[in-house]
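Okay, structure first, notes after.
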Amino acid sequence: MPDWLNIVVRSIGALLYLLLLTKILGKRQIKQLTYIEYIVGITIGSIAAFMATEMDGAIYHSLIAMAIFAIFPILMEWLSLKSKILRDFFEGKSTVLIKEGKILEDNLKKERLTSEDLMEQLRIKNVFQVADVEFALLETSGELSVLLKSQNQPVTPMHLELTVSPAEEGQTVIMDGVIMDEPLALAGLNRRWVRKELGKAGVALENVFVGQIVKGGELYLDLYDDKITVPQSQAMKQAFATLKKCQADLELFALDTKDERMKLSYQRDSVELQRIIDQVKPFLIR
């Protein structure tokens, strides 16, 4: 076998074997590395490069070596699950860098971080003033977790005691001008519904880059031609406006009638309808 062909075969074999080992090690090996995983990743890569280019060595020698190194993270994870001491040794501990708004300089030195490094990590978290931080923790993955002071945290509907509609998973039902049947079925809809919605919007299926079912069961469309503006569905807003009109009519009837019994009935119905409107408003107005 020519040398160049031998290198091609060895390289492809090393790549496929590395892919297999990575699948065995799991997603964590890609996202965040512990000390042992960092060492193993570098070593396996070096062995794979040696396997691809070293013509005299036997391939199975490299395969065995990579398999042995790949076993180590799995063994370490198993031991870490059994012992907190070993888990701290293999994976390390989180370090507090800011506590009650005060930077802990000794912990910065312990992690060999400068003030510039800390400020950079804070800016990545969209925090530009240390005074806004209540607590900051350097995780074992090297990422900084930040808790803002109460007065600096974003206001949520819960803070305002507002009722909002629950979050819903958006189903992508059109991709590159093709209707996706599986997510469409998960949403309890069919192709006829998609084509009906496209007809309402006056858009051809072939011109749709992405189509998603969003909150309220509406179809959001992103087109290939960005110059075309897709009209937004007004069904939810129209339903809300109709409810408000009915409630206003009940109040008007209560003012116009001279029958006290009917007046009380209209007022009671108006209050009840307003209560219903307050409940459904988060679902109709976004």
Among the residues of the stretch 252-284, count how many are open to solvent by 40 Å² or more (accessible area, probe 1.4 Å) and either within 30 Å of residue 218 (Cβ to Cβ) or under 46 Å from the mean Cα position of the chain (by Cα) (or both).
12
Which count do you get for residues in the stretch 95-129 that are assigned to a helix (DSSP H, G or I) and either under 19 Å from residue 153 (Cα atoms) or of a type in the set (Val, Ile, Thr) (or both)?
5
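If we scan the stretch 169-181, do we find a residue that is at pLDDT below 75 and either at negative phi or outside any helix (DSSP H, G or I) (or both)?
yes
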In the stretch 67-85, residue nearest to residue 138 (Cα to Cα) [restricted to those that are at pLDDT below 75 and open to solvent by less than 50 Å² (accessible area, probe 1.4 Å)]
80
Log entry, pairs with first residue in the stretch 43-61 being farther than 13 Å from residue 13 by Cβ and among the hydrophobic types (A, V, I, L, M, F, W, C), second being modelled with pLDDT of 70 or more and surrounded by 13 or more Cβ atoms within 10 Å (Cβ to Cβ), beta carbons closer than 6 Å, six or more apart or on different chains, reads 44/66; 44/69
Scan of the stretch 118-131 for residues that are exposed (fewer than 14 other Cβ atoms within 10 Å of the Cβ) and among the charged types (D, E, K, R), ordered by number
120, 123
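The values are calculated or read from the model by the stated rules, or taken from the named source; none is laboratory data. Here the structure is a predicted model, which is why all the values come from computation and not from measurement. Cβ coordinates were reconstructed from backbone atoms using ideal geometry, including for glycine residues, and neighbour counts include every protein chain displayed. These area figures cover heavy atoms from the full protein model, side chains too; ligands, DNA and RNA do not enter into them. Shrake-Rupley method; radii C 1.70, N 1.55, O 1.52, S 1.80 Å.
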